[in-house]
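The values are calculated or read from the model by the stated rules, or taken from the named source; none is laboratory data. Just so it is clear, the structure is predicted and the values come from calculations on it, not from any experiment. Here the Cβ is made from the backbone with ideal geometry for all residues, glycine too, and neighbour counts use every protein chain on show.
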Amino acid sequence: MLGTTTALGLSYLLFESQWVRRIERIVAIPGLPPDLDGLTIAHLSDMHAGFRLSLNMRATRRAFALALAARPDLIAITGDFAGGPANLQALERELETLRAPLGVFGVLGNHDHGESKVPFTIPVDLSILNEHGVRLLDGECVMLERGDARVQVCGIDDWRHGYGDLEPVRRALDRRPGTLRLLLSHYAGATLELAPGDVHLTLSGDTHGGQLCLPWPGGPVMLSDPSADFKDGLYDRGGRLIHVTRGIGTSLLPFRFLCRPEVVILTLRGA
């Protein structure tokens, strides 16, 4: 009986790790140019391809399909593409399916550099992702146009482990009226190093939303510790808008509990 119960429990945890949800959030941006009102961003993160014990690639395929069905204007991927060298070709094939009018942009996370609590995690060369439709950003900004307005997409490498540098981004920021400034950073806490108003919205991942969120008096016990008090959702930290997604994959353990993987569609509105 105990063995059957355990098997059923583990089966559910594995099932939830693939039970991808698509949610939609409205983000109010003060001073958003009229030409950018209604702009949609698909926020993806933490695929962890190559984590051999998991079904992360199955979840990734489902997540990408949900993202594309929403027909977003822009796709942002905030790190941890890889959990190891396995399945990278499969991930590259899936990334090639992603299309958006304003482009697909990404930054690297700690697992992409082999920085992880997971045993045997090794660095993976992901520079080739630029050849598969993802513009990787590392301390740089890209300017896009929509009507008479501009969207400046900036990105940094994994700041928490010393790979990312905010200074080039700070110098490159276009502070003219009519420019929406976005920052992609795997670690949400990096944006707290910028002044309020430097960027309008930061997109981050890393936390997995806790991944295994066990009910407990006083709050859930989580496998993945939220960084800098971020778990998942939209935050305002002293005038800094930050969106953190639970992401798609798993690490350390191939399970999720009370924390489904997700694709988030953000719709920007003027405030």
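Between a first residue in the stretch 131-159 that is among the basic types (Lys, Arg) and a second residue that is surrounded by fewer than 16 Cβ atoms within 10 Å (Cβ to Cβ), which pairs have beta carbons less than 7 Å apart while being 6 or more apart in sequence or on different chains?
Correct list of pairs: Arg150/Met143; Arg150/Asp174; Arg150/Gly178.
Where the second residue is in a helix (DSSP H, G or I) and modelled with pLDDT of 95 or more and the first is over 20 Å from Leu36 (Cα atoms) and lies in the stretch 60-83, which pairs have Cβ atoms under 7 Å and are six or more apart or on separate chains?
none
Before we move on, is Ala28 over 23 Å from the mean Cα position of the chain (by Cα) and surrounded by fewer than 18 Cβ atoms within 10 Å (Cβ to Cβ)?
The answer is no for Ala28.
Mind checking which residues of the stretch 34-56 are surrounded by fewer than 20 Cβ atoms within 10 Å (Cβ to Cβ) and not acidic (Asp, Glu)?
Across the stretch 34-56, the qualifying residues are Pro34, Gly38, Thr40, Arg52, Leu53, Leu55.
Does Arg62 count as touching a Ser or Thr at 6+ places or on another chain (Cβ under 9 Å) and surrounded by fewer than 20 Cβ atoms within 10 Å (Cβ to Cβ)?
no
Out of the residues in the stretch 156-178 meeting the condition of being over 14 Å from Met143 (Cα atoms), not in a loop (DSSP other than H, G, I, E, B) and not basic (Lys, Arg), tell me which one is nearest to the chain's Cα centre (by Cα).
Ranking the candidates gives Ile156 first.
If only one of Leu182, Leu192 is part of a strand (DSSP E or B) and either buried (at least 23 other Cβ atoms within 10 Å of the Cβ) or modelled with pLDDT of 90 or more (or both), which one is it?
Criteria check complete, one pass: Leu182.
In this structure, is Val107 touching a strand residue (DSSP E or B) at 6+ places or on another chain (Cβ under 7 Å), modelled with pLDDT of 85 or more, crowded, with 17+ Cβ neighbours inside 10 Å and not charged (D, E, K, R)?
yes
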